[in-house]
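Q: Sharing a structure with you now.
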Amino acid sequence: MSAAVLSPEQQEFQEYARRWLAENAPPPAPERLPITPIEVMTTGQRDYLQAWQRRCYDAGLVGTDYPKEYGGGGHEGFQRIANLEFGRARVPFLINIVGLSMAAPTILVHGTEAQKRKFIPGCLSGDEIWCQGFSEPGAGSDMANQQTSAVRDGDDWVVNGHKVWTSLGHFAQWMILITRTSREHKYEGLTYFLCPIEGHPGVTVRPLVKITGESGFNEVLFEDVRIPDVYRLDDVGKGWTVAMTTLTYERGAAESAGGGGGGDGPHPTQRLIDLARATWRDGVCAADDPVTRDAIMKRAIIAEGMKQNGRRARVPALCDHPMRLPLQQKLTTSEFAQHNARLGVEIAGARSTLYKLDEKAPDQGYWPLAYMSSYGGTIAAGTNEVQRNILGERVLGLPKSK
């Protein structure tokens, strides 16, 4: 964000954020951090990242756009500035990704006054970790095919069912949960809850090991789990509507709502350049190979295009459709990461088969780990194929695919 488009107050905040991050960057983590929050799997990683998010929140860099009565800073337009400074400083990411980018903004839109005051502050500070209970063994891309049931019993709801691909479920205190409260209607039969997880009777969390060897994913089983009706979000039967709000935020259509995030390590294009300079093949440095140089340059051009699209999306007069560029974000960022990682593997060549525990692995084994992890990004928040359908149907006005 150029200083020319910032108000005096925003410029002051930008200078403060930049200075604070420079002076308060955390010490190195006691153990290796994963690439993204959804792969956090040890208590050491969790404690380090949770403490970092709390420090950033206390410094006023997280939740800046939320009303003060809900634990925010009450300064509209500040969060985007903080997010950019997080990225520029290359500090660790904030762990509570579900709480920041999904739970808090959804509660702000659909929650009661009591729910907003109870839940949003913990989402922003990271004191309460959240997970997402949407996907099921038979309800992935077809999210409306939810089978986890919730049956009213006085002032409670009794939940039974099975959720899967639940990132951070092993550390979460709370879950945003979709359940089926009526089998007479597919969409109108869904209801959305804020469900206690940690230590709650009837809830079982089981880790799932991915191809990377990491276990940030989980499956969560519900057996006669009781949820008070005060934890229901919006009306009975409005679960689909609330879930669409959540997915809109998750897919990046509201840039400033998430609450902040960082990216440890060098810029993606610079990381490819550094790898090429350190890689020798048949006595020739990969950075001197014209094919490799051209491939990296193409990635740099795409990165710059994404950056400028982000700027353009914030200027209504430059947008042919107000949601096109924001809704593209999920596609572009996930596929950009995947193609970058694939190029890194290609540059490293045979040495890319060395994984993160091998001391001879290039860049500490980052590239094969990033490439395998990238497939989760193209599936999460609805597959990229689903997102293309959304863009085609809702933005371009094309007929529904059969």
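Q: Restricting to region 275-285, what's the tally of residues that are more than 27 Å from the chain's Cα centre (by Cα) and under 13 Å from Pro362 (Cα atoms)? Don't jump to the end; show me each part of the working.
A: First, pick out the residues of region 275-285 that are more than 27 Å from the chain's Cα centre (by Cα): 276-285.
Subsequent filtering for residues that are under 13 Å from Pro362 (Cα atoms) retains 276-280.
Residues flagged as more than 27 Å from the chain's Cα centre (by Cα) and under 13 Å from Pro362 (Cα atoms) within region 275-285 amount to 5.
Q: Output yes when any residue across region 6-23 is touching a Gly at 6+ places or on another chain (Cβ under 8 Å), surrounded by 14 or more Cβ atoms within 10 Å (Cβ to Cβ) and in a loop (DSSP other than H, G, I, E, B), and no when none is.
A: Scanning region 6-23 turns up no residue that is touching a Gly at 6+ places or on another chain (Cβ under 8 Å), surrounded by 14 or more Cβ atoms within 10 Å (Cβ to Cβ) and in a loop (DSSP other than H, G, I, E, B).
Q: Looking only at region 217-237, decide whether some residue is surrounded by 20 or more Cβ atoms within 10 Å (Cβ to Cβ), assigned to a loop (DSSP other than H, G, I, E, B), at pLDDT below 95 and not polar (S, T, N, Q).
A: Within region 217-237, not a single residue is surrounded by 20 or more Cβ atoms within 10 Å (Cβ to Cβ), assigned to a loop (DSSP other than H, G, I, E, B), at pLDDT below 95 and not polar (S, T, N, Q).
Residue-by-condition table, conditions (1) in a helix (DSSP H, G or I); (2) modelled with pLDDT under 90:
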| position | (1), (2) |
| --- | --- |
| Leu247 | yes, yes |
| Gly261 | no, yes |
| Gly265 | no, yes |
| Gln270 | yes, yes |
| Leu275 | yes, no |
| Arg293 | yes, no |
| Lys298 | yes, no |
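Q: Using the structure shown, decide if Leu343 is out of contact with any strand residue (DSSP E or B) (no Cβ under 8 Å at 6 or more places or on another chain), modelled with pLDDT of 80 or more and not in a helix (DSSP H, G or I).
A: No, not satisfied.
Q: Which one of these is more than 29 Å from Asn218 (Cβ to Cβ) and surrounded by fewer than 22 Cβ atoms within 10 Å (Cβ to Cβ): Gly87, Gly74, Gly44?
A: After applying the criteria, what remains is Gly74.
Q: Right, next: Could you give me the residue pairs with C-beta distances under 9 Å whose first residue belongs to region 285-305 and is assigned by TED's automatic domain parsing to the domain that holds Leu272, whose second residue is surrounded by 14 or more Cβ atoms within 10 Å (Cβ to Cβ) and assigned to a loop (DSSP other than H, G, I, E, B) wherever it lies, and which are 6+ apart or on separate chains?
A: Listed pairs, sorted by first residue: Cys285/Thr279; Ala286/Thr279; Ala287/Thr279; Thr292/Thr279; Ala303/His267.
Q: Now for a separate question. Within the bounds of region 175-189, is there any residue that is among the aromatic types (Phe, Trp, Tyr) and either modelled with pLDDT of 95 or more or buried (at least 22 other Cβ atoms within 10 Å of the Cβ) (or both)? Write out each step before concluding.
A: To start, the set of residues in region 175-189 that are among the aromatic types (Phe, Trp, Tyr) comprises 187.
If we keep only those that are either modelled with pLDDT of 95 or more or buried (at least 22 other Cβ atoms within 10 Å of the Cβ) (or both) as well, we get none.
Within region 175-189, not a single residue is among the aromatic types (Phe, Trp, Tyr) and either modelled with pLDDT of 95 or more or buried (at least 22 other Cβ atoms within 10 Å of the Cβ) (or both).
Q: Could you list, in sequence order, the residues of region 123-139 that are within 18 Å of Leu177 (Cα to Cα), in contact (Cβ under 8 Å) with a residue 24 or more places away in the chain and not hydrophobic (A, V, I, L, M, F, W, C)? Lay out the reasoning, then the answer.
A: If we filter region 123-139 for residues that are within 18 Å of Leu177 (Cα to Cα), which is where we start, we get 123, 128-139.
Next, from what is left, pick out any that are in contact (Cβ under 8 Å) with a residue 24 or more places away in the chain: 123, 128-137.
Selection gives Glu128, Gln132, Gly133, Ser135, Glu136, Pro137.
Q: Continuing with this model, one more query. Based on what the data block shows, is Trp52 among the aromatic types (Phe, Trp, Tyr), over 21 Å from the mean Cα position of the chain (by Cα) and not assigned by TED's automatic domain parsing to the domain that holds Tyr366?
A: So Trp52 does not fit the description; no.
Q: Which numbered condition in (1) over 27 Å from Arg18 (Cα atoms); (2) outside the structural domain of Leu233 (by TED's automatic domain parsing) is the only one that Thr64 fails?
A: For Thr64, the failing item is (1).
Q: Filter region 353-385 for residues that are closer than 19 Å to Phe336 by Cα and touching a Pro at 6+ places or on another chain (Cβ under 9 Å) and give the result.
A: Within region 353-385, Leu369, Ser373 qualify.
Q: With the requirement that a residue be among the β-branched types (Val, Ile, Thr) and closer than 21 Å to Gln115 by Cα, what does region 165-180 give you?
A: Answer for region 165-180, where residues must be among the β-branched types (Val, Ile, Thr) and closer than 21 Å to Gln115 by Cα: Ile176, Ile178, Thr179.
Q: List every residue pair whose Cβ atoms sit under 7 Å apart, with the two residues 6 or more apart in sequence or on different chains, where the first one lies in region 73-93 and is touching a residue at least 60 places away in the same chain (Cβ under 8 Å) and the second, anywhere, is of a type in the set (Lys, Arg).
A: Close Cβ pairs satisfying both conditions: Glu85/Arg18.
Q: Oh, and also: Could you please let me know if Gly213 is closer than 25 Å to Pro37 by Cα, at pLDDT below 95 and touching a Gly at 6+ places or on another chain (Cβ under 8 Å)?
A: Working: closer than 25 Å to Pro37 by Cα: yes; at pLDDT below 95: yes; touching a Gly at 6+ places or on another chain (Cβ under 8 Å): no.
No.
Q: What number of residues within region 145-161 are assigned to a strand (DSSP E or B) and surrounded by fewer than 16 Cβ atoms within 10 Å (Cβ to Cβ)?
A: First, the residues of region 145-161 that are assigned to a strand (DSSP E or B): 149-153, 156-161.
From what's left, surrounded by fewer than 16 Cβ atoms within 10 Å (Cβ to Cβ): 151-153.
Counting residues in region 145-161 that are assigned to a strand (DSSP E or B) and surrounded by fewer than 16 Cβ atoms within 10 Å (Cβ to Cβ) gives 3.
Q: Something else about it: Testing Pro92 on (1) at pLDDT below 95; (2) surrounded by fewer than 19 Cβ atoms within 10 Å (Cβ to Cβ), one condition comes back false. Which one is that?
A: (2)
Q: Still on this structure, I have one more. For Pro30, all conditions in the list (1) more than 21 Å from Asp363 (Cβ to Cβ); (2) in a loop (DSSP other than H, G, I, E, B); (3) of a type outside the set (A, V, I, L, M, F, W, C) hold save one; what is the number of the exception?
A: (1)
Q: Here are some residues: Tyr355, Tyr366. Which one is modelled with pLDDT of 80 or more and aromatic (Phe, Trp, Tyr)? It would help to see each step written out before you state the result.
A: Values: Tyr355 fails: modelled with pLDDT of 80 or more.
Exactly one residue qualifies, and that residue is Tyr366.
Q: Would you check which residues across region 7-33 are more than 25 Å from the chain's Cα centre (by Cα) and farther than 15 Å from Leu84 by Cα and list them?
A: Start the filter on region 7-33 by keeping residues that are more than 25 Å from the chain's Cα centre (by Cα), which leaves 7-12, 15-16, 19, 23.
Of everything in region 7-33, those that are more than 25 Å from the chain's Cα centre (by Cα) and farther than 15 Å from Leu84 by Cα turn out to be Ser7, Pro8, Glu9, Glu23.
Q: Among the residues of region 47-66, how many are surrounded by 16 or more Cβ atoms within 10 Å (Cβ to Cβ) and part of a loop (DSSP other than H, G, I, E, B)?
A: Final tally of qualifying residues: 7.
Q: Scan region 132-144 and give yes if some residue there is part of a helix (DSSP H, G or I) and not hydrophobic (A, V, I, L, M, F, W, C), otherwise no. Steps first, answer last, please.
A: Filtering region 132-144 for residues part of a helix (DSSP H, G or I) gives 143-144.
Restricting the remaining residues to those that are not hydrophobic (A, V, I, L, M, F, W, C) gives none.
Scanning region 132-144 turns up no residue that is part of a helix (DSSP H, G or I) and not hydrophobic (A, V, I, L, M, F, W, C).
Q: Does any residue of region 196-217 turn out to be closer than 23 Å to Leu108 by Cβ and touching a Phe, Trp or Tyr at 6+ places or on another chain (Cβ under 7 Å)?
A: Yes, the conditions are met somewhere in region 196-217.
The values are calculated or read from the model by the stated rules, or taken from the named source; none is laboratory data. Predicted model, so just to flag it, every value in this text is computed and none were measured. Here Cβ is always computed from backbone atoms with ideal geometry, including for glycine, and neighbour counts include all displayed protein chains.
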